[in-house]
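Engineer: Can you keep this structure in mind? I'll have questions shortly.
Derivation of every value follows stated rules applied to the coordinates shown; laboratory data play no part. From a predicted model like this one, the values you see are computed outputs, not experimental measurements. Because the Cβ atoms are built from the backbone with ideal geometry, glycine has one as well, and the counts that use them run over all protein chains shown.
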Amino acid sequence: MSAGDGRRWLVTGGAGFIGSHLCDALLAGGGSVTVVDDLSTGLRGNLDGAIAAHGGRLEFIEAKASDAVLALDPSRFDGIFHLAAAVGVRLVVEDPVSAAETNVAETSAILAFAAQRRVPTLVASSSEVYGKGVRAPFREDDDIAFGPPTVSRWSYGLSKALDEHLALAHARRDGLPVVVARLFNTVGPRQRGRYGMVLPRFVSAALDGRPLEVHGTGRQVRCFCDVRDVAGALVRLLATAACHGRVFNVGSDRPVTVEDLAQLVLRVTGSASGVVHVPHSEVFGPSFEDLAIRVPDIARIRAAIGFDPAITLERTVADVAACASGIAGGLSGGAA
Ligand SMILES: NC(=O)c1ccc[n+]([C@@H]2O[C@H](COP(=O)([O-])OP(=O)(O)OC[C@H]3O[C@@H](n4cnc5c(N)ncnc54)[C@H](O)[C@@H]3O)[C@@H](O)[C@H]2O)c1
């Protein structure tokens with residue numbers, strides 16, 4: 001076990017996809033981490049590597065974040081990363097009540113906990129906050145337009161927008177040092193396809209020899225950022241006092257169509273699977289609206305912390321495939 005540097009972090013949702021990589025980064029940086037996760041979508045096994053490498057500096061509490069903080073003292077922590085949430089549009093469309101309640105009530109509880117001792121806190125928000133997107137690329141101070149509340153798809157973005165309001169209100173009222181990280185499509189090992197996330201779905205289809213299901217035309221433009229670049233950025237955002245009280249886009253600004261992503265997965269995995277197109281209405285119901293373009297402007301985070309995503313999409317796809325097929329290391333074909 002490696003020695004620590006005495007800094008203590010609380011990570012809600014730390015057994016999830018992004019949270020577990022964040023724990024890796026914090027532990028590798030010498031800190032001690034308390035993870036609170038109810039394992040609703042996360043997996044205890046996501047922390048196996050961290051436990052093996054730094055076991056004594058990782059505490060795991062299986063609980064809802066709002067319940068766990070009732071028994072914790074905020075002065076124990078040098079910083080809080082709040083990632084616990086009902087994640088993804090599919091989960092929200094399937095169970096809109098608990099998704100909206102989780103996202104708002106849990107964030108409210110964590111911010112109140114942090115505010116007691118002004119513990120620096122990062123709140124994970126989402127590019128879904130941009131709603132329909134009034135222009136591209138998306139800038140942090142853009143106006144926002146959502147569809148009507150009769151369409152449950154928008155409740156995820158709205159709940160995250162309310163989280164942001166709550167976080168910034170605590171900053172103003174209580175002097176809470178808070179950072180809002182608006183995450184765009186984040187990809188990498190340990191992400192699960194179960195909740196509709198596109199890359200793990202594509203990779204598992206390619207490895208199983210099934211056709212890759214592209215929702216809609218495939219001409220939608222997205223930017224995919226490797227989770228290891230994202231995790232490092234979250235650590236630096238919270239550590240930089242000049243970032244407190246502000247909102248940051250976190251993601252890659254290199255656009256790719258979903259069709260191109262499918263072709264890249266086929267090439268990197270060497271799969272003979274084809275691609276089929278499935279209308280959005282078949283997957284998410286008749287009133288689903290998809291965004292044609294989702295591209296962040298990352299000038300603000302670049303200026304603040306020198307953010308420059310380093311891991312190529314080819315390498316990410318290779319690592320996701322290696323992780324999914326249980327092969328140690330990357331695949332040879334196409335890995336950068
Ligand atoms: N993955 C992306 O591309 C993406 C994009 C935008 C925003 N985000 C945000 O990043 C954060 C992490 O997302 P992720 O992709 O790692 O998803 P994930 O589902 O893997 O992680 C969420 C974690 O939170 C846990 N959780 C849920 N409700 C909880 C509760 N009430 N108490 C304790 N734990 C709870 C889950 O078990 C899971 O481990 C979320 O806030 C999400 O909204 C992710």
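Engineer: Any idea which of (1) surrounded by fewer than 22 Cβ atoms within 10 Å (Cβ to Cβ); (2) assigned to a loop (DSSP other than H, G, I, E, B) is the one Val283 doesn't satisfy?
Structural biologist: It is condition (2) that Val283 fails.
Engineer: Another question about this same structure. For residues that are surrounded by 24 or more Cβ atoms within 10 Å (Cβ to Cβ) and more than 20 Å from Phe77 (Cα to Cα), tally how many sit in the stretch 19-45.
Structural biologist: 1
Engineer: Could you list, in sequence order, the residues of the stretch 205-223 that are over 20 Å from Val295 (Cα atoms) and within 16 Å of the ligand (Cβ to nearest atom)?
Structural biologist: Result: no residue meets the conditions.
Engineer: Can you go through Pro189, Pro149, Pro96 and tell me which one is more than 9 Å from the ligand (Cβ to nearest atom), surrounded by fewer than 22 Cβ atoms within 10 Å (Cβ to Cβ) and within 25 Å of Val230 (Cα to Cα)?
Structural biologist: Matching residue, one of Pro189, Pro149, Pro96: Pro189.
Engineer: In addition: Need at least 1 residues that are within 15 Å of the ligand (Cβ to nearest atom) and more than 21 Å from Ser125 (Cβ to Cβ) per element, so show me which strands (runs of 3 or more DSSP E) inside the stretch 1-80 make the cut, counting only ones lying wholly within it.
Structural biologist: Output list reads 32-37, 58-62.
Engineer: Could you list all residues from the stretch 37-56 that are farther than 19 Å from Ile80 by Cα, touching a strand residue (DSSP E or B) at 6+ places or on another chain (Cβ under 9 Å) and among the charged types (D, E, K, R)?
Structural biologist: Listed by number, the list holds a single entry, Arg44.
Engineer: What's the number of the only condition in (1) within 16 Å of the ligand (Cβ to nearest atom); (2) closer than 30 Å to Ser108 by Cα; (3) touching a residue at least 24 places away in the same chain (Cβ under 8 Å) that Phe202 fails to meet?
Structural biologist: All conditions are met except number (2).
Engineer: Right, next: Out of the stretch 121-132, which residues are crowded, with 18+ Cβ neighbours inside 10 Å and not hydrophobic (A, V, I, L, M, F, W, C)?
Structural biologist: Listed by number, the residues that qualify are Thr121, Ser125, Ser126, Ser127, Glu128, Tyr130, Gly131.
Engineer: Among the residues of the stretch 284-320, how many are closer than 25 Å to Arg135 by Cα and polar (S, T, N, Q)?
Structural biologist: Residues in the stretch 284-320 being closer than 25 Å to Arg135 by Cα and polar (S, T, N, Q): 1 in total.
Engineer: Which condition number does Thr102 fail, the rest of (1) surrounded by fewer than 19 Cβ atoms within 10 Å (Cβ to Cβ); (2) more than 26 Å from Ile298 (Cα to Cα); (3) within 15 Å of the ligand (Cβ to nearest atom); (4) not hydrophobic (A, V, I, L, M, F, W, C) being met?
Structural biologist: It fails just one condition, (1).
Engineer: Do you know which residues across the stretch 129-163 are closer than 24 Å to Glu94 by Cβ, over 21 Å from the mean Cα position of the chain (by Cα) and small (Gly, Ala, Ser)?
Structural biologist: Scanning the stretch 129-163 gives a single hit, Gly147.
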